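Notes for the one structure printed next.
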Amino acid sequence: MKSLKYSLAFCGLSVLFLSQKTIAQEQQPAPEKPKHEFWHDKKLYLNEDGSNYLKFAMLSQVWIRNQEYNPGTTIFDSPKTAGTDIGIRRFRIQMYGQVADRVFIYGQIGQNNFNNVSDRKQGFFIHDALGEYAIDKEKLSLGAGLSSWTGLSRFSASSVGSIMGIDIPLFLESTNDVTDQFVRKLSFYAKGKLGKLDYRMAFAQPLAIQKSSGYVAAISERSNFSPKPPQMQFNGYFQYQFKEQESNLTPYATGSYLGKKKVFNIGAGIVYQQDAMWHRNAVNDTIYTDMLHLAADVFYDAPIGSRGEAISFYGNFTHYDFGTNYIRNAAPMNPANGSSDSTVLNGSGNGFPAYGTGNVLYAQLGYKLKDNLIGMTTLMPYVAIQHAHYERLNKDMSFYDIGVNWLLNGQTSKFTVSYQNRPIYNTSGNLTDHKGAFIAQYQVSI
């Protein structure tokens with residue numbers, strides 16, 4: 001009987017002790033689970049460790065210009081010698097991300113060159129749409145789609161939100177909107193890094209020349225793009241990065257790091273397409289020729305001094321072979337839509353012969369002044385020149401661009417003013433005049 005009492009007492013004390021312990025444990029706050037921010041740095045994270053994500057970015061570049069127009073320029077049949085215009089040079093929305101361990105997706109939509117003579121309500125169009133798989137995360141990735149993984153040079157695919165000047169060196173986009181979509185091509189590509197060697201190669205199917213703006217089915221003694229179904233086009237660009245390594249997540253090359261990195265690269269590239277061009281010879285035979293472009297360039301961008309100063313330099317030599325006496329104008333966001341003078345090679349508005357068979361030298365140089373020069377902002381003046389010796393022209397072509405960036409908040413918010421000077425040629429290839437343009441741009445990017 002005693003043993004029974006002792007047993008009951010022991011059980012009672014045990015229950016009391018355990019209940020008190022349980023109450024004490026319940027009163028202790030439970031350890032918090034580690035929290036993960038699923039939205040940070042413009043990224044939407046898709047897993048707990050953040051290795052899979054989607055990122056969003058936007059860009060707006062608005063221009064206001066006052067410029068002299070090419071001789072014979074008309075706007076809806078009204079003659080104009082000069083004028084002021086406002087337009088959206090670029091508006092972009094980007095979406096991209098690492099959606100699985102080795103899987104990357106990139107898409108971009110937007111609009112270029114919308115001004116008061118543009119068709120209304122055009123809507124956005126696709127700039128990029130690609131998927132990519134990493135065979136080796138550093139050395140080799142393979143991808144396909146509509147993309148700017150192209151050849152020739154660093155600024156054949158520019159990160160337009162970080163360009164140093166008011167515009168990119170347009171001539172480096174060798175088939176811009178002729179057999180591509182604003183430099184984007186339907187292609188299969190390979191890219192990666194082998195030590196300090198950064199490379200990209202792509203096989204592209206050119207877009208039909210018949211769908212390009214202003215296409216005319218004509219052949220002459222001067223070379224032009226053939227209307228026959230095109231052969232595949234090979235693109236390659238290879239650069240050795242001596243200093244800090246640059247990201248090759250997307251195809252777009254940074255214009256300037258504003259002193260945030262020290263970069264020194266030397267590169268070389270190629271674009272080749274068999275039987276891309278045609279012309280008539282002296283006895284009226286149709287001759288098909290290959291398109292071959294070669295380029296070499298150097299890029300240096302680095303901080304100097306101790307107060308945030310930085311320097312940026314880019315130099316390029318390009319050899320273009322579009323065939324006999326090929327020439328093509330560039331007219332960014334052309335404010336005009338007609339010409340009454342057929343002897344002007346430049347065409348209407350602000351056009352000038354930017355592309356052609358021959359050799360081109362290009363250089364740009366910028367200097368970022370000290371941080372907090374004007375309150376919390378600073379300035380970055382720059383100068384750029386394109387000098388070309390084209391077969392079609394009797395005198396070398398030189399295009400100048402001089403300006404200054406007011407960096408209100410780095411590349412996120414900046415105001416740029418620029419003066420550009422372009423040459424005027426007649427259809428005989430003779431230099432007849434020069435025209436100038438003052439341009440102001442406000443850029444917002446996130």
Item to complete: For Tyr53, work out the one condition from (1) at negative phi; (2) crowded, with 16+ Cβ neighbours inside 10 Å; (3) touching a residue at least 60 places away in the same chain (Cβ under 8 Å) it doesn't fulfil.
Response: (3)
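Condition (residue is closer than 25 Å to Asn113 by Cα, at pLDDT 95 or above and among the hydroxyl-bearing types (Ser, Thr, Tyr)) applied to the stretch 137-144: is it met by at least one residue?
Within the stretch 137-144, the subset closer than 25 Å to Asn113 by Cα is none.
No, every residue in the stretch 137-144 fails to be closer than 25 Å to Asn113 by Cα, at pLDDT 95 or above and among the hydroxyl-bearing types (Ser, Thr, Tyr).
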Discussion item. Being among the polar types (S, T, N, Q), more than 19 Å from Met333 (Cβ to Cβ) and either open to solvent by 60 Å² or more (accessible area, probe 1.4 Å) or assigned to a strand (DSSP E or B) (or both) is the filter here; which residues of the stretch 413-446 pass it?
Written reply: Ser413, Asn426, Ser428, Asn430, Thr432
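Filtering the stretch 276-304 down to residues that are among the charged types (D, E, K, R) and within 30 Å of Glu221 (Cβ to Cβ), which residue is least open to solvent (accessible area, probe 1.4 Å)? Spell out the reasoning first.
Step one: list which residues in the stretch 276-304 are among the charged types (D, E, K, R), which gives 280, 285, 290, 297, 301.
In the following step, the residues that additionally are within 30 Å of Glu221 (Cβ to Cβ) were identified as 280, 285, 290.
Details: Arg280: 75, Asp285: 76, Asp290: 59 Å².
Among them, the one singled out is Asp290.
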Practice prompt. Mind listing just one residue for me: the one in the stretch 305-330 that is within 21 Å of Lys262 (Cβ to Cβ) and in a loop (DSSP other than H, G, I, E, B) and, of those, most open to solvent (accessible area, probe 1.4 Å)?
Written response: Arg307
Practice prompt. Say whether the condition of being open to solvent by less than 10 Å² (accessible area, probe 1.4 Å), in contact with a Ser or Thr (Cβ under 6 Å, 6 or more places away or on another chain), closer than 20 Å to Pro332 by Cα and of a type outside the set (A, V, I, L, M, F, W, C) is met by at least one residue in the stretch 373-391.
Written response: no
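Take Gly347 and decide whether it is out of contact with any Leu (no Cβ under 9 Å at 6 or more places or on another chain) and outside any strand (DSSP E or B).
Numbers: out of contact with any Leu (no Cβ under 9 Å at 6 or more places or on another chain): yes; outside any strand (DSSP E or B): yes.
Yes; evaluated as a whole, the condition is true for this residue.
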Worksheet item: In the stretch 175-197, is there at least one residue being among the small types (Gly, Ala, Ser), open to solvent by less than 50 Å² (accessible area, probe 1.4 Å) and within 30 Å of Ile64 (Cβ to Cβ)?
Response: no
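Do we have any residue at all in the stretch 202-213 that's of a type in the set (Gly, Ala, Ser) and in a strand (DSSP E or B)?
Initial filter on the stretch 202-213 (of a type in the set (Gly, Ala, Ser)): 202, 204, 208, 212-213.
Checking the rest, the ones that are also in a strand (DSSP E or B) come to 202, 204.
Checked the stretch 202-213: at least one residue is of a type in the set (Gly, Ala, Ser) and in a strand (DSSP E or B).
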Worksheet item: Can you pull out the residues in the stretch 215-237 that are among the polar types (S, T, N, Q) and in a strand (DSSP E or B)?
Response: Asn224, Gln233, Asn235
Practice prompt. State all residues of the stretch 230-288 that are of a type in the set (Lys, Arg) and closer than 24 Å to Gln364 by Cα; if no residue qualifies, say none.
Written response: Lys243, Lys260, Lys261, Lys262
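The values are calculated or read from the model by the stated rules, or taken from the named source; none is laboratory data. Being a predicted model, the structure only gives us computed values, none of them experimental. Neighbour counts run over all protein chains shown; Cβ positions are idealised from the backbone, glycine included. Accessible surface is based on the protein model in full, side chains and every heavy atom, while ligands, DNA and RNA are left aside. Shrake-Rupley method; radii C 1.70, N 1.55, O 1.52, S 1.80 Å.
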